[in-house]
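Comments concern the structure below.
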Amino acid sequence: MKSGGCWRCKVEMESGLPVSRNEGHGVLKDGSWFAQFRNGSNPWMARYVYAVMFLASNLLAWAVRDYGRKAFPEMEKLKNCQGGHGCLGAEGVLRVSLGCFAFFFVMFLSTARTERMYNCRDSWHSGWWSAKIALWIALTVIAFLVPTIIVQIYGEIAHFGAGVFLLVQLVSVISFITWLNDYCQSDKLSEKCRIHVMSLATAAYVICVVGIIMMYIWYAPEPSCLLNIFFITWTLVLIQLMMSVSLHPKVNAGILTPGVMGLYVVFICWCAIRSEPAGENCIRKAEESNRTDWLTIISFVIALLAMVIATFSTGIDSQCFQFRKKEAPAEDAVPYGYGFFHFVFATGAMYFAMLLIGWNTHHTIKKWTIDVGWTSTWVRIVNEWLAVCVYLWMLLAPMIRSRFRQTSEVA
């Protein structure tokens, strides 16, 4: 699995630094951004358009869930809506998600294995916006016309698809952390970055400790809060385990990566506990969370935007999932994997549905909330544990392969 190459290319393109094979692609045609949008000449700009379409689907799903009966009264007249119960609430979210998934899955099938620019599939990915927007709207409308049984089947499949999205996002995050560590330890920057690495690692560990303490204060105020105490304490143990393995003489991966990974797992633990249903005695101010205030609305908006940004960022990390070393890319190679990009957005459509319904198709979600429920809590916790396992495997795998190779040579 490549970790440095994918993020090096991504950072250079995002920062505007020249990359030989993509240098001309960002300026394929002279003219304004609108002209490039109309002509389909800029695949880097195209991904922003897809992100806006994805965000629009998220907002529509939220509107159907929270304000469907007032904003979309016509849905109650549809044959498959059963008086509104089949097109509003949790099932309404699944129908919007189904339409979004269908659109990006069609894009995935039509752009997969695109390797060269200036051909029909490259043009289809970066242009033809009138046709694609019409297709996106049509598939969203069709999703509200299909029988309920199809939506229920999709809801079960969406659990798996959302898990795939979390796994892809996890690998992307760990790849970035590995790339950051390799970049700072390179021959050219190892001396210059030594103080910066120490400062960043120290700050990361301090934030982790402060975060752990604050979670004990906020979410484990009493000894009877055994589950939250277990979550928080086990997170602290995992941070110590990652640091110990990373600093082991045979691994020697430094202190930066376990520190940044520590921030990641503390954040996931915090999200998991925050996903516990309101009214639990072990969550302070839980009674106040039963009403909608400006803080609840801001938290919802931030969570929604964070999910869209995560999907948007992960979508161009296809090189992180190449397990075999390939030759240098051609001059006319595509700047990122189009098929993988649309695959991530397709699974992201399933993921946002799970967040809005709390991973439970029969769970009633309060307005302006996202990812709330015990199922959401355990999904987050398992994701945290899986993140640590993947990180530890990436540290130990080279040593295990080396020892296996030595054993084979002796035999």
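The values are calculated or read from the model by the stated rules, or taken from the named source; none is laboratory data. Everything numeric in this text was worked out from a predicted model, so none of it was measured. In this analysis, Cβ positions are derived from the backbone assuming ideal geometry, glycine residues included, and neighbour counts consider all displayed protein chains.
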**Item:** Filter result for V344 (at pLDDT 90 or above, hydrophobic (A, V, I, L, M, F, W, C) and under 15 Å from the mean Cα position of the chain (by Cα))
**Value:** yes
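If you go through the stretch 272-282 one residue at a time, do you hit one that is among the β-branched types (V, I, T), more than 24 Å from A306 (Cα to Cα) and in contact (Cβ under 8 Å) with a residue 12 or more places away in the chain? Spell out the reasoning first.
Within the stretch 272-282, the subset among the β-branched types (V, I, T) is 273.
Filter again for more than 24 Å from A306 (Cα to Cα), leaving none.
The answer is no; no qualifying residue exists.
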**Residue within the stretch 189-197 that is part of a helix (DSSP H, G or I), touching a residue at least 40 places away in the same chain (Cβ under 8 Å) and over 30 Å from M242 (Cα atoms) present** = no
**Prompt:** Taking only pairs six or more apart or across chains, which ones have beta-carbon atoms under 7 Å, a first residue in the stretch 116-131 that is in a loop (DSSP other than H, G, I, E, B), and a second residue that is of a type in the set (G, A, S) and surrounded by 12 or more Cβ atoms within 10 Å (Cβ to Cβ)?
**Reply:** G127/G40; W128/G40
**Message:** Among (1) part of a loop (DSSP other than H, G, I, E, B); (2) modelled with pLDDT under 70, there is one condition S299 misses while meeting the rest; what is its number?
**Reply:** (1)
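For the structure I just gave you, tell me whether R95 is of a type in the set (K, R), at pLDDT 90 or above and under 27 Å from the mean Cα position of the chain (by Cα).
Values: of a type in the set (K, R): yes; at pLDDT 90 or above: yes; under 27 Å from the mean Cα position of the chain (by Cα): yes.
Taking the combined requirement at face value, the residue satisfies it.
Inspect the stretch 238-252 for any residue being polar (S, T, N, Q), part of a loop (DSSP other than H, G, I, E, B) and more than 24 Å from R274 (Cα to Cα) and give the result as yes or no.
Yes, the conditions are met somewhere in the stretch 238-252.
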**Complete:** Among residues of the stretch 129-157 being surrounded by fewer than 18 Cβ atoms within 10 Å (Cβ to Cβ) and hydroxyl-bearing (S, T, Y), the residue modelled with the highest pLDDT is S130
**Prompt:** Out of the stretch 268-292, which residues are at pLDDT 75 or above and either surrounded by fewer than 15 Cβ atoms within 10 Å (Cβ to Cβ) or among the hydroxyl-bearing types (S, T, Y) (or both)?
**Reply:** S275
**Message:** Residues that are in contact with a Lys or Arg (Cβ under 8 Å, 6 or more places away or on another chain), in contact (Cβ under 8 Å) with a residue 24 or more places away in the chain and among the β-branched types (V, I, T): does the stretch 147-157 have at least one?
**Reply:** yes
**Request:** Sort out which residues of the stretch 214-260 are among the polar types (S, T, N, Q), under 16 Å from E384 (Cβ atoms) and in contact with a Cys (Cβ under 8 Å, 6 or more places away or on another chain), and write them in order of number.
**Result:** N228, T235
**Request:** May I ask you to list the residues in the stretch 314-341 that are part of a helix (DSSP H, G or I) and modelled with pLDDT under 75?
**Result:** T314, S318, Q319, C320, F321
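Look through I213, I207 and report the one residue that is within 26 Å of the chain's Cα centre (by Cα), at pLDDT 90 or above and part of a helix (DSSP H, G or I).
Going through I213, I207 in turn, just one is within 26 Å of the chain's Cα centre (by Cα), at pLDDT 90 or above and part of a helix (DSSP H, G or I): I207.
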**Complete:** If we keep only residues of the stretch 98-123 that are out of contact with any Gly (no Cβ under 8 Å at 6 or more places or on another chain), modelled with pLDDT under 90 and surrounded by 15 or more Cβ atoms within 10 Å (Cβ to Cβ), then the residue farthest from Y67 (Cα to Cα) is M117
**Asked** Right, V245: within 30 Å of I400 (Cβ to Cβ), in contact with a helix residue (DSSP H, G or I) (Cβ under 7 Å, 6 or more places away or on another chain), modelled with pLDDT under 90 and among the aliphatic types (A, V, I, L, M) or not?
**Response** no
